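None of the figures in this text is laboratory data; all of them are computed from the coordinates on show. These figures come from a predicted structure and were not determined experimentally. Cβ placement follows ideal geometry from the backbone for every residue including glycine, while neighbour counts extend to all protein chains displayed.
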């Protein structure tokens, strides 16, 4: 059983509105591959882009895709090289996840980062790690696994957070929430795009920041996020639907971590 904390649905909707690219032609329908080769190239204006048979790859808003990270450009070229298999093949949005992340950063976030920063910061108000179970056996596991991360947030981010039992909301100190927002705001548009994927998947701003700042890797962050679910499965068992949802969330966290690594943050 997955517990939904107060305000979590609203936070997720805020992030989706800030992160989504409604004009993205890959979002709903597949498209035919029209190119033979995809290559990462330096741009005269600086940075790197990707060309498809010599033509610059453009984002849904019409801007040429660009990044200061050569490794990211190479990785994006590789995903377009594989998408659809060959010219005339059918490709889908899931074939180019790095492109969609960079596109969100470049077209949706960079012009006005504030909505993304504020949407992410709101997760600090009801962070997963602050809500402990009334079942004492689970509460002990949560304390052992989660308390070190809260201590890290207090020391590294200057953001001590209060904990509570059950789902009743606990008010966090304004200074701690401000410190978490400041930590989010220090990310550039690419970093915010990655956090915009990782934080909702993890249900925790603290875990998302720990992933971004190198305190946790993707698999460990995900393991901490699903602690409750794993405990419940010990008694009630699992099902295919729950495992599929979990696999999707792990895929998102790994994507965010890879994007962070490729962009150097």
ask   = Which of these, 66, 126, 164, has the largest mean-square fluctuation under a Gaussian network model of the chain (Cα springs below 10 Å)?
value = 164
inquiry  = If I take R0 = 35 Å and measure r between the Cβ atoms of residue 53 and residue 248 in this structure, what FRET efficiency does the formula 1/(1 + (r/R0)^6) give, to the nearest 0.05?
reply    = 0.60
request  = Compute the separation of the alpha-carbon centres of region 189-265 and region 69-145 and state it in Å as a whole number.
outcome  = 9 Å
ask   = Expressed as a whole percent, how much of the Cα-Cα distance distribution for the chain exceeds 33 Å?
value = 25 percent
remark   = Taking 0.36 nm per residue of separation between residue 140 and residue 213 and subtracting their Cα-Cα distance, the length gained on full extension comes to 23.6 nm
ask   = Which angle between 0 and 90 degrees, to the nearest 10, do you get for helix 8-19 versus the longest principal axis of the chain when only C-alpha atoms count?
value = 20 degrees
ask   = Using r as the Cβ-Cβ distance of residue 44 and residue 110, and R0 as 25 Å, what FRET efficiency do you calculate, to the nearest 0.05?
value = 0.80
task = Would you please classify the overall shape of region 102-234 from the alpha carbon gyration tensor, given that a ≥ b ≥ c denote the square roots of the eigenvalues, rounded means a/c under 1.5, and beyond that prolate means a/b larger than b/c while oblate covers the rest?
result = prolate
ask   = Build a GNM of the chain with springs between Cα atoms under 10 Å: which of 234, 36, 220 gets the top mean-square fluctuation?
value = 234
query = Pick from 166, 124, 237: which residue has the top mean-square fluctuation in a GNM of the chain where Cα pairs under 10 Å get a spring?
reply = 237
key: Spin-label zone in region 188-206 - amide nitrogen under 17 Å from a point set 7 Å from the Cα of residue 167 along the C-beta vector   = 203-204
ask   = Once the piece of chain linking residue 64 and residue 82 is laid out straight, how much longer is it, given 0.36 nm per residue of separation minus the C-alpha distance between them?
value = 4.4 nm
query = What's the angle, to the nearest 10 degrees (0 to 90), between helix 240-263's Cα axis and the longest principal axis of the chain?
reply = 60 degrees
key: Theoretical ellipticity at 222 nm over the chain - DSSP helices of four or more residues, -39500 (n - 2.57) apiece, nearest 500   = -16000 deg cm²/dmol
request  = Calculate how steeply helix 174-185 sits against the longest principal axis of the alpha-carbon atoms of the chain, using the helix alpha-carbon long axis, and give the answer as 0 to 90 degrees to the nearest 10.
outcome  = 20 degrees
message = Run the numbers for residue 34 and residue 235: contour at 0.36 nm per residue of separation, minus the present Cα-Cα distance, in nm.
response = 67.2 nm
